[in-house]
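K.L.:
The following block contains the structure, expressed as structure tokens.
Bear in mind these aren't lab numbers, they're just calculated from the coordinates by the rules spelled out. This is a predicted model, so every value here is computed, not measured. Neighbour counts are summed over all protein chains in view; Cβ atoms, including those assigned to glycine, are modelled from backbone coordinates with ideal geometry.
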Amino acid sequence: MTSSKIRDAWAQRRRAERRERRRREYQSGLRPMAVAAWNISKEYNVGSLIRTAHAAAVEEVILVGEREWNVEAARTAELYTKIIYLPGKDEFLEHLEERGWDLVAIELDARSVSLFDAVYPPRPCFLLGAELGGIPNELLEASRLIVEIPQWGLVPCLNVAVAGSIVLYDHLSKLHRRGSLDRPSLPGRPA
């Protein structure tokens, strides 16, 4: 083996070791929350949602139904974030029960409460619906909470990745105000 091949193999092994160390450090600070996407048709939205879920340190992202997504939009978050694929409602509801998640639907609905007033359960799984059609009524009925993001514009809803980002960070903000937002420090970052 030539010295350049040895050097390349050594560098590749070091990168893999560093990535695994960073993954373990990240996973030690995961928060008890999940985000789920129901039949999202726009691949870029799913990739963006995975990236935000990673930034918020959610335990898992659940993709139900339509499963194609844009890896480029995730920008390597998919390497560190647990992503689960489920084919439909029944499997999704079963997974929620197995993992102890409380379903929180993000939807414009007569039963919804304002994001500003939402009190999230201890183990929320935030469900975002398809761009067309939203969340099926059966899943809305199974939800512990239905949350609506207040809007004053003429367009009735937000982009699904934006809506997911807003709700995840609203939850984190409320945890912070209660003094419940802790995370082990990562190398090079203050605690």
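K.L.:
Count the net charge of all other residues whose Cβ sits under 15 Å from the Cβ of Ser112, scoring Lys and Arg as +1 and Asp and Glu as -1.
P.N.:
My count for the surroundings of Ser112 gives -4.
K.L.:
Only bridges whose two residues both fall in segment 31-177 count here: according to DSSP, what percent of them are antiparallel, nearest 5?
P.N.:
For segment 31-177, the DSSP antiparallel bridge percentage is about 5.
K.L.:
Moving on. Which residue, Ser143, Ser180, Ser48, has the most motion in a Gaussian network model of the chain that connects Cα atoms within less than 10 Å?
P.N.:
Ser180
K.L.:
Still on this structure, please answer the following. With θ taken as phi - 60° and the coefficients 6.51, -1.76 and 1.60, list the Karplus ³J(HN,Hα) couplings across segment 134-146 in order, rounded to whole Hz; mark glycine and proline as x.
P.N.:
x, 9, x, 4, 4, 6, 5, 5, 7, 6, 6, 8, 10
K.L.:
Let me ask another. Taking the chain as a Gaussian network, where each spring joins two C-alpha atoms under 10 Å apart, which residue of Ser165, Ser112, Ser173 fluctuates the most?
P.N.:
For the chain, modelled as a Gaussian network with Cα springs under 10 Å, the answer is Ser173.
K.L.:
Now for a different question. Quick one: among Pro122, Pro156, Pro136, which has the greatest mean-square fluctuation in a GNM of the chain with alpha-carbon springs under 10 angstrom?
P.N.:
Pro156
K.L.:
Summing -39500 (n - 2.57) over the DSSP H runs of n ≥ 4 in the chain and dividing by its residue number, what mean residue ellipticity at 222 nm do you reach, to the nearest 500 deg cm²/dmol?
P.N.:
When only DSSP H runs of four or more count, the value is -12500 deg cm²/dmol.
K.L.:
Treat the count of other C-beta atoms within 10 Å as a stand-in for reagent exposure and order Leu132, Leu49, Leu115 from fewest to most.
P.N.:
Leu132, Leu115, Leu49
K.L.:
Treat the chain as a sphere of radius equal to its Kirkwood radius over Cα pairs and apply Stokes-Einstein at 4 °C in a medium of 1.567 mPa s; give the translational diffusion coefficient in µm²/s, rounded to a whole number.
P.N.:
My calculation gives 73 µm²/s for D.
K.L.:
Counting only other residues whose beta carbon sits under 9 Å from that of Leu140, what net charge do I get with K and R as +1, D and E as -1?
P.N.:
Cβ neighbours under 9 Å give a net charge of -3.
K.L.:
Please order Arg51, Arg111 by the number of other Cβ within 10 Å, starting at the fewest.
P.N.:
The fewest-first ordering by Cβ neighbours comes to Arg111, Arg51.
K.L.:
Here is a follow-up. At 7 Å along Cα-to-Cβ for each site, give me the label-to-label distance between Val113 and Arg99 in nm.
P.N.:
Label at Val113, label at Arg99, 2.3 nm between them.
K.L.:
Separate question: Ranked by Cβ crowding within 10 angstrom, fewest neighbours first, how are Arg123, Arg15 ordered?
P.N.:
Least to most surrounded, the residues fall as Arg15, Arg123.
K.L.:
In addition: Could you work out how far apart the two model spin labels at Arg178 and Leu158 are, taking each label as a point 7 Å from the Cα in the direction of the beta carbon, and quote it in nm?
P.N.:
Here the answer is 2.1 nm between the modelled labels.
K.L.:
Extent of segment 101-191 along each principal axis, from alpha carbon coordinates, in Å, largest to smallest?
P.N.:
Extents along the principal axes: 44, 28, 22 Å.
K.L.:
Then there is this: Would you mind computing, in nm to one decimal, how far apart the modelled labels at Lys89 and Thr2 are, each placed 7 Å from Cα along Cα→Cβ?
P.N.:
Between Lys89 and Thr2, the label points sit 6.1 nm apart.
K.L.:
Still on this structure, please answer the following. Please report the relative contact order for the chain, taking Cα pairs under 8 Å with a sequence separation of at least 6, and give it as a percent rounded to a whole number. Can you show the working numbers first?
P.N.:
Numbers: 294 pairs, mean separation 42.8, N = 191.
Once normalised by length, the contact order is 22 percent.
K.L.:
When we measure straight from the Cα of Lys82, which lysines land under 26 angstrom away, once same-chain ones fewer than 8 places off are left out?
P.N.:
Candidates past the 8-residue exclusion: Lys42, Lys174.
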